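In what follows, a single structure is set out as structure tokens and then discussed.
The values are calculated or read from the model by the stated rules, or taken from the named source; none is laboratory data. Model, not experiment: these values are computed from the prediction. So basically every Cβ, Gly included, is an ideal-geometry build from the backbone, and we count neighbours across all protein chains shown. Accessible surface is based on the protein model in full, side chains and every heavy atom, while ligands, DNA and RNA are left aside. Shrake-Rupley method; radii C 1.70, N 1.55, O 1.52, S 1.80 Å.
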Amino acid sequence: MNEMTVPALPEFVAGPLPRRSAVAVRVGKVLVGGNAPVVVQSMTNTDTADIDGTVAQVAALARAGSELVRITVDRDESASAVPFIKEKLLARRIDVPLIGDFHYIGHKLLTDHPACAEALDKYRINPGNVGFGEKRDRQFGTLIELAIKYDKPVRIGVNWGSLDQDLLTRLMDANAVSANPVSANAVMREAICQSALLSADLAEKIGLAREKIILSAKVSGVQDLIAVYRDLSRRSNHALHLGLTEAGMGTKGIVASSAAMGILLQEGIGDTIRVSLTPEPNGDRTREVQVAQELLQTMGFRAFLPIVAACPGCGRTTSTVFQELASRIQEDIRTAMPLWRKRYPGVEALKVAVMGCIVNGPGESKHADIGISLPGTGETPSAPVFIDGKKAVTLKGPSIADDFRKLVDEYVEKRFGV
Ligand code: SF4
């Protein structure tokens, strides 16, 4: 028999590339960029002038794990409401940093409402919406001077839906007479990058430190977002806010945001993320926070919540017992987390497995901290439980779900209790 040569194993990327952003920016109590973990943020959809409604939603987003929350500041009534919103949140011991989202008249609102300028922890400025013609630089300058005066960081947030049209036209014209013209899409992406970089440059010239500037350049196409942020990260060392704008509703929004941001985060690009999901009518706004956390956790960048691994089920599981148990465990853990976080430091790293039958059940359960392999169709009605890789007990009878739930509690108390 001829000797066989074992082919060399391919090299696998073993984890995220080092983060590229050299500059760390402090937003209230939260550090964004540098070597800080990627920060989760979200945005309210209440009328900011509705103080109680906005306080309630900011509180819900913060409780869900949003580390920064952005609110719309679009008129005098909203600007006047901001200090009261901050005060009420602090009275409820919620000190999540608040970011004011300004368009068109931000320079005026921040000038006319000093208490609002003081209460906010960061100002978001869209360079495509600060004013037009000769007013643009002047009004942008006013915003930056106010940020310097109140010692606040800013996000220079470009959005392709409100891109600086003068800049885009200039680049389009130059491309039209170029010996090597590129596609209109490539020119648009260049305009987005230039808008962010030129605005940041202008802000620094006015006197705002680089440690006070975060950049974002949002588009709604996955490939465009990847291209724009790769370019932005090559051309600057600013802290970067990632987000796919107008990602959409439900699974479409989740898949598109995760695909785009997952690739960039893996490449070390992005210091804070927002998943912009369009909620269902009366839907839960905190869903975007949950998705952002799950994206970071499934990629192994941060741990927010114990992971429940469950098999997808197949023809071997004709009953819904294991789906019900997996979903109950997931829900119970989510509900228990605020208390667990205080009582059981490190519990975020817990791994639970709920499996449907003997095929992969014992194997997967052994890889978890605590796992159960439920009986598939035709199997003996018993469920072995594995703890730290070893079979600990076999559960039987109608109370399997409750018994397993108790075992999870006992495991958490024993391993993470102080
Ligand atoms: S573990 Fe069993 S029930 Fe679950 S998917 Fe695999 S074969 Fe199907």
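Below are the figures for this structure:
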read-out: Protein accessible area in segment 89-239, 1.4 Å probe - carbon and sulfur %; value: 53 percent
read-out: Residues of segment 241-268 with amide N under 16 Å of the 7 Å Cα→Cβ point at Met299; value: 241-245, 254-268
read-out: Inter-centroid distance (Cα atoms) of segment 212-242 relative to segment 269-335, Å; value: 27 Å
read-out: Helix runs (DSSP H) in the chain reaching 18 Å along axis by Cα, Kyte-Doolittle at least 0.0; value: 51-64, 76-91, 184-206, 250-266
read-out: Pairs of lysines in segment 56-141 (C-alpha under 20 Å apart; 8 or more residues apart or interchain); value: 4
read-out: Overall dimensions of segment 111-254 by Cα: Rg and Dmax, Å; value: 16.0, 54
read-out: Fraction of beta bridges assigned by DSSP in segment 19-132 that are antiparallel (%, nearest 5); value: 25 percent
read-out: Calculated FRET efficiency for the pair Asp201/Asp151, C-beta based, R₀ 22 Å, to 0.05; value: 0.60
read-out: Whether segment 359-418 is rounded, prolate or oblate, judged on the alpha carbon gyration tensor where a/c under 1.5 counts as rounded; value: oblate
read-out: Helix-only [θ]222 nm of the chain, DSSP H runs n ≥ 4, -39500 (n - 2.57) each, per residue, nearest 500; value: -14000 deg cm²/dmol
read-out: Residues Met249 and Glu118, FRET efficiency given R0 of 35 Å [Cβ-Cβ distance, rounded to 0.05]; value: 0.45
read-out: Counting DSSP beta bridges with both ends in the chain, the antiparallel % (nearest 5); value: 25 percent
